[in-house]
Amino acid sequence: MIPVVRRNTELGLILLAITITAATYTLASLATTADLPADIGPFLGVVLALLAGAHVATRRLAPAGDGVLLPIAGLLNGLGYVWIARLDEELAALQATWTAVGILAFVVTLAVVRRPRDLERYRYTFMLAGVGLLLLPLLPVVGKTVNGARIWVELGPISFQPGEFAKIILAVFFASYLVDKREVLGMAANRLGPVTLPELRHFGPVVLAWAASLLVMTAQRDLGSSLLFFALFVVMLWVATERASYLVVSGLLFSGGAFVAWRLFDHVQRRIAVWLDPWSDVSDQGFQVVQATFALAWGGVAGTGPGLGNPDRIPLIETDFIFAAIGEELGLLGSVGVLVAYLLMVGAGLRIALRAEVPFNKLLATGLTAILGIQSFIIIGGVTRLVPLTGITLPFVSYGGSSLIANYILLALLIRISDDNAAAEPDALA
Amino acid sequence: MNRQIRRLGAGLLVLFGALFVQLNVIQVLRADSYNDNPNNTRAIVRDFSRPRGQILAADGTVLARSVPSEGRFERQREYPEGELFAGVTGYFSFIAGADGVERTYNDVLAGRTSETAGDLGELLLGEPRTADVTLTIAPEVQRVARDSLGATRGSVVALDPRDGAVLALWNFPSYDPGLLSSVDIEAAQAARDALLADEANPLLPASYRETFFPGSTFKVVTAAAGLSSGQVTAASPRYPSSSGYVPPLTTTPINNFGGGTCGDALFAILQVSCNTAFAQMGVDLGAEVLVGQAEAFGFNDVPPLDLPRVEVSPIADVASFTQNAPVLAMTAIGQNAVRSTPLQMALVAAGVANGGQVMVPHVMADVRDQDGEVVDRFEPTVWTRGTSAAVASTLTDAMTGVVERGTATRLAVPGVPTAGKTGTAQLGNGLSHAWIIGFAPSDAPRVAVAVIVEAQPGASEQTGGRVAAPIAQAVLSAALEARP
C-alpha cells in the first residue's frame, strides 16, 4: 500500500509542478512578446515526458522511495528553465538538453545502484575518483579558467565542472570511511577540563580535508566549493562520531585558514571588501551584488511579474545570480517560496537519514542532504549579501550541465536510500 | 547519530531563517531606499515608455518634452534647447538613468505622486497623471551666461538672494541631453561612451558638483568672520602695510598679488584684495572663528538645491589647524584647506545681499497638472544664517567699494550700485582660476552671481577682475532685467 500512496503523491505533485512551471512560462512570454509562447505545446510535451519518465522510473525501480523530492526538484528545475529561457534563448536550449541528460542520469543511477551498500564496497575507488575529479582542473592542458576560477575541465568537445560530481563521490567515500572508523574516531582519549577530546592523531583526517579545501580555495580560486567540501566532511564526521569537539576544532581551523587566505590572496580580499561595502565601488567590483540587491528590492513583496523585471543587467544572472532574477519578478513571495522548496527537500532528506537503519545509509543521506542545504544557503546568502559571495550554482535552478546532472544523481541516491529504508522496515511507514 | 542529524536540521533551519530575514530586509524594509538609489536605473526604465510631463523655463520655454515614437518605446524625450540647459534639466536616459530635474522631479513628471494621483477611476484605468515642472531659470539670463563665458571652461551661477530662485546655472563644456535620451539605444550608448571618454568631462555640472579653491572671493567670508566676532570693524584694526606676511611657525612669507605692498583698515584691504592683511586677519581670528563663519554660510554642508548629488564645499575642521598657522593663513585667503563650488560662493554673495540670511536655493518654481492647476509651489525658506543684518550691511558697503574703487570695477552695472569681490585662485603651477562674486543693486539686491573661469594653459595672466568680472557684469545686467 505505502509504495502506491507515495507514488501517487509524487505523481500529483509532479502535475502541480508542471502546472506552475507552464503557467510561469506563459506569463513570462506574454510579458516579453505580448503573445502566448510559440512553443508552449512542445514545451509542455517535453516537460511532461521528462518528469513522467523519472516518475515511471521511481515506480519501477524505487516504488517505496520518497515521493516529495522529485516533484520539488522538478519545480525548481522548471522555474530555473523559465528564467533562463526569458534571459537567453540559446542557453535555454542547452539547459533543456542538460535536463534530459540529468533525468537520464537519475534513472540510470536508480537502475544501477539497486542497494546503497553496493557503493560501500568501492570505498577507495570513490576516494581516488573524488580527489582526482577535484584536482583535475589544476592539470595543464585540460584544466581551464573561467571567470577567475580554475574549476573547468575541457576534454575535446566536452567541458564540465568535475567539482560538481566530486562532491557526491566524496560524500559516498566519507560515508563509507566514517562508518568504518567512527568508533575509533569517536573515542574520547584526552580530557581538557570538562571537554573530552579524541586522540590527537584522529584529527589527521580533519587536517587533510582542511588542507584539500584550502587548496581548492587558493589554487582553484573557488571559495564556495572550498567551503562546501569542508563543511560536508565536518558535518559527516560530527554526525558519525557524535563528537561536537570535531565541529569546534574544524570551525577554528577553517576560520584560521580563511583568515590567512584573506591576508595573502587579493581575490579573497576583494570578495570580503565587496561584501562589507559594495557601495564604495558600485560600478566595478560591487556592481554585481548591488545590481542583485536592486533587483530584489525592485521586486518587493509581489514582484514585477515574470518577464517584467530587468534582471538582465546582472552579470552571471543565468548561473550564480538566477535567484535575484526570480526574486525580482516573483517578489518576496517567490523568493521565500524557493527557500521553502529547499527547506522541504532538506527536511525530506534528513527524514530519510533519520529513518535509515544502516549506518552507511544514514551517513550518506545526511551528507547528500547537507550538500543540498549548505550549497543553496551559500549562494542565496551570497546573492543577498548575508555572507560573502562565492560563485557556486543554485541546485536545480542555475544554468549548467554539470550541476544539473550531479544534482539529479544526488536526488536518485536519496530516493534509493529512502526506498531501502522502507524495504528494511515496512511498518515504520504506517 | 539521530540527535546530530536533528541538530543539523535545526542548524540549517536557522541558516534559512537568516535568509528569510535578509530577504524581508531587502525586499520590504529597505526596498524604497534601494529603489531611489542614484545607481539604480530601474525606475527610469519603467517610466521610459510612459507619458511624462514637460520641463519649462520661467518664461514658458519648453526645455524637455516627450513626443510619440515608433518602435520599442512609445515615447521619445526631447530637449529643444540642446546643451543650453543640460546642467539643470539633466537627461532621461534608458542606459544612463536620469540626472538633474529629470531625476529630482521624476515622480512628479511621471505622475506618481499623491498630489497628481487623480481619482480612483484614473488609477484603475492606468492613466498616469503627469505634471509639468516650471523652473525659475530665465532663458535670456542663461543665454547671456553661455555667450559671455564662451568656449572657456567655467561656470556661472545667478540667483535671486531674496528667495533663492536660481536664474542661471551654466557650465562649459556642456552636452546635448537629447543624445543620451534617444530611443535608439545603441546611438545613446555610443553618445554616452563618447561623453564619458571626453577628458573635458562635459557630463559634469561643475557649477554645483565640482569644487575649486575660491581664492580671494573667500576674503568676504574672512571679513565676515572678523566683523561677526567683533574683532574687526570698518575702522580697526589697521593692518600694517606689508609686502610679505610671515605666519607663525614658518619662514615662508605670504605675498601680495603681483608682489605689491598693501595694508590698512577693512574697506581698503578688501578693495585691493590684500593677501598679507587677510592672512594675518585669519591667524588673529583663529580657526574656530573662521571655520565657524564658513559653516554659517553653508560650507561643510550640502546645499539643499533641488538637483541630484550637489557637492559639499569643504573647509578643514578646526582641530586640523592646531599648530598650523601657515595653513590657516592660506585658508583665510581662499587657498589650501578650503574648496568651494561656484554655487556655494554664489550663496555667500546672496547671503550678504539678503541681510545675512542664505535662502534655500532652488530651480523649481511650481508644478502644474495637465489642467494647468498648480499642485506644488516652492515656498522660500531660510537655509542658514550667515551673518547678522548689521555685518551684512558693512560687508555690502565694503564690497560696493571694491566695485567702485577696487579690483572689480569691470563688474559695475551702469546706473546700478553694484557690490562684488574678485578672486584669483593660484594653483601653484603658474595657472589660476579667475573668480568673481557679486550682487546688485547693492542698496536693494535682486540678483547675486558667481562666475569662475577655470585655469587654462597659456592664460597665466588671467585674474578675476579682468576675465570673470565682464562675464558676471553681463549676467547681472540681464538678470536685473529679468527680475525687475
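The values are calculated or read from the model by the stated rules, or taken from the named source; none is laboratory data. No experiment lies behind these values; they were computed from the predicted model shown. So basically every Cβ, Gly included, is an ideal-geometry build from the backbone, and we count neighbours across all protein chains shown.
Annotations for the structure displayed:
- Within this structure, B:Ala332 passes the test of being of a type in the set (Gly, Ala, Ser) and in contact (Cβ under 8 Å) with a residue 40 or more places away in the chain.
- Hits in the range B:162-181 - residues which are buried (at least 24 other Cβ atoms within 10 Å of the Cβ) and assigned to a loop (DSSP other than H, G, I, E, B): B:Gly164, B:Ser181
- The one condition from (1) surrounded by 15 or more Cβ atoms within 10 Å (Cβ to Cβ); (2) of a type outside the set (Lys, Arg); (3) in a loop (DSSP other than H, G, I, E, B) that B:Asp284 does not meet is (3).
- Note on the range B:25-42: among residues that are more than 7 Å from chain A (Cβ to nearest Cβ) and touching a strand residue (DSSP E or B) at 6+ places or on another chain (Cβ under 8 Å), the one that is surrounded by the fewest Cβ atoms within 10 Å (Cβ to Cβ) is B:Pro38.
- Residue match in the range B:13-24 (condition: within 8 Å of chain A (Cβ to nearest Cβ), crowded, with 22+ Cβ neighbours inside 10 Å and part of a helix (DSSP H, G or I)): yes
- Look at (1) without any contact (Cβ under 8 Å) to a residue 40 or more places away in the chain; (2) in contact with a His (Cβ under 9 Å, 6 or more places away or on another chain) and you find that B:Glu288 fails only one, number (2).
- Test result for B:Ala10, surrounded by fewer than 17 Cβ atoms within 10 Å (Cβ to Cβ) and either assigned to a helix (DSSP H, G or I) or out of contact with any Asp or Glu (no Cβ under 7 Å at 6 or more places or on another chain) (or both): yes
- Tallying residues that are without any contact (Cβ under 8 Å) to a residue 24 or more places away in the chain and more than 9 Å from chain B (Cβ to nearest Cβ) within the range A:316-350 yields 1.
- Unmet criterion (only one of (1) without any contact (Cβ under 8 Å) to a residue 40 or more places away in the chain; (2) within 23 Å of B:Asp32 (Cα to Cα); (3) not aliphatic (A, V, I, L, M)) for A:Gly307: (1)
- When we screen A:Leu386, A:Leu410 for residues that are surrounded by fewer than 24 Cβ atoms within 10 Å (Cβ to Cβ) and either facing chain B (nearest Cβ under 9 Å) or not in a loop (DSSP other than H, G, I, E, B) (or both), the only hit is A:Leu386.
- Options A:Ile405, A:Ile415; residue that is surrounded by fewer than 24 Cβ atoms within 10 Å (Cβ to Cβ) and more than 14 Å from chain B (Cβ to nearest Cβ): A:Ile405
- Residue in the range A:356-372 that is in a loop (DSSP other than H, G, I, E, B), under 18 Å from the mean Cα position of the chain (by Cα) and within 14 Å of chain B (Cβ to nearest Cβ) present: no
- Conditions (1) of a type outside the set (Ser, Thr, Tyr); (2) surrounded by fewer than 24 Cβ atoms within 10 Å (Cβ to Cβ); (3) at positive phi; number of the one not met by A:Phe396: (2)
- Failed criterion for A:Glu242 (all others in (1) surrounded by fewer than 22 Cβ atoms within 10 Å (Cβ to Cβ); (2) under 19 Å from the mean Cα position of the chain (by Cα) hold): (2)
- Condition broken by B:Glu74, with the remaining ones in (1) charged (D, E, K, R); (2) modelled with pLDDT under 80; (3) farther than 30 Å from B:Pro139 by Cα satisfied: (3)
- Where helices (runs of 4 or more DSSP H) fall entirely within the range A:206-299, those with at least 2 residues that are within 11 Å of chain B (Cβ to nearest Cβ) are at A:223-241, A:244-264, A:287-299.
- Test set (1) within 14 Å of chain A (Cβ to nearest Cβ); (2) among the β-branched types (Val, Ile, Thr); (3) buried (at least 17 other Cβ atoms within 10 Å of the Cβ) - B:Ile55 fails condition number: (1)
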